[in-house]
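For reference, the structure discussed in these notes is given below.
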Amino acid sequence: MTTPASALTLGDFDFELPPALIAQHPAPERTASRLLDGTTTPPLDRIFRDLPSLLQPGDLLVFNDTQVVKARLFGRKPSGGQVELLVERVLHEANEQHTVAAHLRASKKPAPGSVLEMDGGYTATVLGRWPDASGALFRLQFSSDPYALMAQHGHMPLPPYIERRYGDDDGNAAEDARRYQTVFARHPGAVAAPTAALHFDEALLESLRAKGIATASVTLHVGAGTFQPVRVERIAEHVMHNERYEVPQATIDAIAACRARGSRVVAVGTTSVRALESWATSGQARGDTQIFITPGYAFAVVDVLLTNFHLPKSTLLMLVSAFAGHDHIKALYRHAIAQDYRFFSYGDAMLLCRQGISARQDSATK
């Protein structure tokens, strides 16, 4: 029996993780990461390139094809003080060009009208808060196209648990630019990677196609809020961050065809889950979502989930607990820690079945 969200507390999603298990660099090859098969009892330790053998012909893999932009930018206030921006999204205001919503870090927040001199010779004018006067983000206007400026002058916006010193010429920047991006990224706009998809390369995608496993894509531009800890003890009181998503008509058609042949929808990553379930619950194929999935949620689309290991007390850990069962996830995390799996964005992955179906049970018999 699942516990309703109203009864859950933050402590239900806490665990002790040895710091040495937080991956600071990706595996030498994308498909060389480990894969914990959580669809069996007991779970099995595998390698990610084994994935085709764990799926069935006719299954539909749904990827998030967002592209991470180099959203971390540095500059100076008029006073000379340092400022750091993390662009959350590029805005398309009707009356304003080159505007963005960004997190702003400085010793003292600059006032509206301040012109920031950014590294690289461009400027960013502070217009105010976003989305309104009480918003946590700042609305700024760049002196030219934000996407071009980020591509030329920005840094990959790595999560805080990956330790990097921006600007150091130590080879990390080149590695991160290549590996903190999926091989099928198409639509720029994310400030964090859909990390479960980082394990795929072209050879593995071809192996999946050869087995008769179909693929489709959604777009969800992952925001920095994905790394924000939940700060309320009662989970039901948490206010979820906002992210843009789109489920193309081709993907909607592919899901219908998958259902018609009695096969399973396999979401690659929690971001794909959020996009698919946002579409299913709202009826809107595109827009902004604040969907918050916790134990007790009734999944409408996803049957199987491929995901990385998530932060303690995070909304993503709550999502996978809703999907596969709170007790099952706790047991899998204990196993992963005991077996020295690598955690978080550059870490290893696991495969999960939704509660109520078995690893080899097709969707027609659910």
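The values are calculated or read from the model by the stated rules, or taken from the named source; none is laboratory data. Quick caveat: nothing in here was measured; it's all calculated off a predicted structure. Note that each Cβ is placed from the backbone with ideal geometry, even for glycine, and that neighbours are counted across all protein chains shown. Heads up: the accessible areas ignore ligands, DNA and RNA and are worked out on the full protein's heavy atoms, side chains in. Shrake-Rupley method; radii C 1.70, N 1.55, O 1.52, S 1.80 Å.
Miscellaneous remarks
- Overall Cα dimensions of the stretch 100-214 - principal axes, largest extent first, Å: 58, 35, 28
- Local electrostatic count, TYR147, Cβ distance below 13 Å [Lys/Arg +1, Asp/Glu -1]: +1
- Think of the stretch 13-110 as having a plus end and a minus end, set by charges on the Cβ of Lys, Arg, Asp and Glu; of PRO18, LEU51, LEU61, PRO18 sits farthest toward the positive end of this dipole.
- Fraction of beta bridges assigned by DSSP in the chain that are antiparallel (%, nearest 5): 70 percent
- Tail fraction, Cα-Cα pairs, the stretch 175-316, threshold 20 Å, whole percent: 50 percent
- Accessible surface of GLU163, taken over heavy atoms with a 1.4 Å probe and every protein chain present, rounds to 140 Å².
- Here the chain is treated with +1 on each Lys and Arg Cβ and -1 on each Asp and Glu Cβ, and its dipole about the Cα centre works out to around 320 debye.
- A 1.4 Å probe run over the stretch 5-113, with the rest of the protein chains in place, finds 46 Å² accessible per residue.
- Burial ranking of peptide ranges 248-259, 268-279 (average Cβ count within 10 Å, highest at the top): 268-279, 248-259
- Per residue accessible area of the stretch 136-214, 1.4 Å probe, in Å²: 46 Å²
- Excluding same-chain neighbours fewer than eight residues apart, the lysines reachable from LYS313 by a Cα-Cα span under 16 Å are LYS330.
- Charge sum, other residues only, whose C-beta stays under 10 Å from ASN242's C-beta, Lys/Arg counted +1 and Asp/Glu -1: -1
- Dipole of the chain [Lys/Arg +1, Asp/Glu -1 at C-beta], most positive-end residue of SER282, VAL247, VAL302: SER282
- Surrounding net charge for PRO57, when Lys and Arg each add one and Asp and Glu each subtract one, Cβ distance under 10 Å: +1
- The distance linking the stretch 62-130 with the stretch 293-352 is 33 Å (Cα centroid to Cα centroid, whole angstrom).
- Eligible lysines near LYS109 by straight Cα distance, threshold 22 Å, same-chain separation 8 or greater: LYS77
- Positive dipole terminus of the stretch 151-229, leading residue within HIS199, GLY171, THR215 (C-beta point charges): THR215
- For the stretch 135-187 versus the stretch 4-52, the gap between their alpha-carbon centres in whole angstrom: 26 Å
- Hydrodynamic radius (Kirkwood) for the chain, which is based on Cα pairs only, to one decimal in Å: 21.4 Å
- A simple charge model with +1 on the Cβ of Lys and Arg, -1 on the Cβ of Asp and Glu and nothing else charged puts the dipole of the stretch 96-226 at about 440 debye relative to its Cα centre.
- To put it simply, the accessible area of the chain at a 1.4 Å probe is 50 percent carbon and sulfur.
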